[in-house]
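Below is one structure; the comments refer to it alone.
The values are calculated or read from the model by the stated rules, or taken from the named source; none is laboratory data. For clarity, every value in this text was computed on a predicted model and none was experimentally measured. Every residue, glycine as well, gets a Cβ built from its backbone with ideal geometry; the counts of neighbours run over all protein chains shown. Side chains included, ligands, DNA and RNA excluded: accessible areas come from the protein's heavy atoms. Shrake-Rupley method; radii C 1.70, N 1.55, O 1.52, S 1.80 Å.
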Amino acid sequence: MSRAALLVLADGRFPAGGHAHSGGAEAAVGAGRVTGAASLEDFCRGRLHTAGLVSASLAAAAALGTDPVELDAAADARTPSPALRTAARRLGRQLTRAARAAWPSAELDALRRAFPKGAHQPVVLGVTARAAGLGPADAAYCAVYESVSGPATATVRLLGLDPFEATGVLARLAPEMDEVAGAAVCAAERAAGEGTDVLPADSAPLLEISAQAHAGWHMRLFAT
Amino acid sequence: MHLDHASPHDGPGAVGADALRPDGVRRALRIGLGGPVGSGKTATVAALCRALRDEASLAVVTNDIYTREDAEFLLRAAVLPPERIAAVETGACPHTAIRDDISANLEAVEDLEDEVGPLDLILVESGGDNLTATFSRGLVDAQIFVIDVAGGDDIPRKGGPGVTTADLLVVNKTDLAPYVGSDLTRMAADARAQRGRLPVVLQSLREEDGIRDVADWVRSRLAAWTA
């Protein structure tokens, strides 16, 4: 395993489209549910243990070599909001492009052929980790970190939140990110033997509902 | 599907600047239009579409900051059929989407070629940004930077990557110069001093055929691309 490759993949500037997404933070700010560092932390914690865990499990399973087509179907089943499914596929397509340029691999090429308009982003993330010589824990960590870093960065832009406070939120969540990444890897290992149905399906209904409403906003800074 | 047994790499597609599409056909020429907020980028795009749509197969990608305003302006003006106009969302950072992370824009241009192609030319309009915002060479083949006389006649002198390095600099709204106290002669001289041999066009779209010089420049790029 290359620790440096993990840093390349996890870098917020990795050009795979994430900058245009707030992970539901814009909708939460608009509804008055996120107003500062404390409520941002609550929001991120909720996202980490639901969408974050599910994404990390899918990514870890893909990194273990589980069939991406099956995993993509499992991701679809775990994403009720059509707007979020569309966004996840768009981000998956964008990640596929960046990953193929960064770590050319037959598996990524095959994934692109199977999903020309994009597979779910966490699935692509796992296949990318494999191509980069990384393991399931690395893939899980990337997914877990993305699940909270996206909303934190977006909230800095949306609220003018002090960036030091936003980074403090992420740092305080680090021990929980470790736990969720660990749980995701365990689930992925189980799924390798028992099938993708055993992957976590924790959901945050308000994230799904507000994503759907947000997609209809006329004025917004972020795509989701 | 068993990815472990997948065939070797298929053709290009991982990068955006390749002149050929995966099917081996030459892709459309992509020209970016950037510049500060309100300088007339969308109006220039609209005028270019009207001037060129009968002689070339065109499409437009807009990068709006927080609405679909620019895309909707072009739709209302009916400069092109709606399926030839795509809007990209930029997450509060227009320069990121055209320079640092071009993936959403590359998808938009590829989807346009797939869905309404074959295309000769795609105009990629940036969201209004600052004087340092330029397009990645992975996204566009040439770029036009649009400033206007009302934004201050010292902008060409101040320079910056857009003013100094764009393939074409357009100083727009020359009809307003007398009303805002801008010295056109000085703006043109400053621009030439900053840009060496790179061309500068002063235009007013209020004039009959005001887009002529920019349209001719685009025609020459198109001719060079297809040669």
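Data table
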| quantity | calculated |
| --- | --- |
| Matching residues in segment B:32-57 - criterion: being over 23 Å from A:Arg220 (Cβ atoms), touching a strand residue (DSSP E or B) at 6+ places or on another chain (Cβ under 8 Å) and open to solvent by less than 20 Å² (accessible area, probe 1.4 Å) | B:Gly32, B:Leu33, B:Gly35, B:Ser39, B:Gly40, B:Thr44, B:Leu48, B:Cys49, B:Leu52, B:Ala56 |
| Only listed residue being part of a loop (DSSP other than H, G, I, E, B) and buried (at least 24 other Cβ atoms within 10 Å of the Cβ), chosen from A:Ala75, A:Ala27, A:Ala60, A:Ala16 | A:Ala16 |
| Selection count, segment B:39-62, where residues are more than 17 Å from B:Asp120 (Cα to Cα) and out of contact with any Leu (no Cβ under 9 Å at 6 or more places or on another chain) | 1 |
| Counted residues, segment A:182-224 - those being assigned to a helix (DSSP H, G or I) and farther than 17 Å from A:Phe43 by Cβ | 17 |
| Residue among A:Ala143, A:Ala99 that is away from chain B (no Cβ under 12 Å) and under 18 Å from the mean Cα position of the chain (by Cα) | A:Ala143 |
| Selection from segment A:14-40 of residues that are touching a residue at least 60 places away in the same chain (Cβ under 8 Å) and hydrophobic (A, V, I, L, M, F, W, C) | A:Phe14, A:Ala16, A:Ala20, A:Ala25, A:Ala27, A:Ala28, A:Val29, A:Ala31, A:Val34, A:Ala37, A:Leu40 |
| Residue count for segment B:187-222, restricted to those that are open to solvent by 60 Å² or more (accessible area, probe 1.4 Å) and farther than 22 Å from B:Asp153 by Cβ | 8 |
| Output for segment A:110-129, where each listed residue is at pLDDT 95 or above and either of a type in the set (Val, Ile, Thr) or over 13 Å from A:Leu58 (Cα atoms) (or both) | A:Ala110, A:Leu111, A:Arg112, A:Arg113, A:Ala114, A:Phe115, A:Gly118, A:Val123, A:Val124, A:Val127, A:Thr128 |
| Among residues of segment B:77-98, those that are touching a Gly at 6+ places or on another chain (Cβ under 8 Å) and polar (S, T, N, Q), counted | 1 |
| Qualifying residues in segment A:198-214 (those that are open to solvent by less than 50 Å² (accessible area, probe 1.4 Å) and over 16 Å from the mean Cα position of the chain (by Cα)) - the one nearest to the other protein chains (Cβ to nearest Cβ) | A:His214 |
| Any hit, segment A:183-197, residues being within 18 Å of A:Phe14 (Cβ to Cβ) and open to solvent by 50 Å² or more (accessible area, probe 1.4 Å) | no |
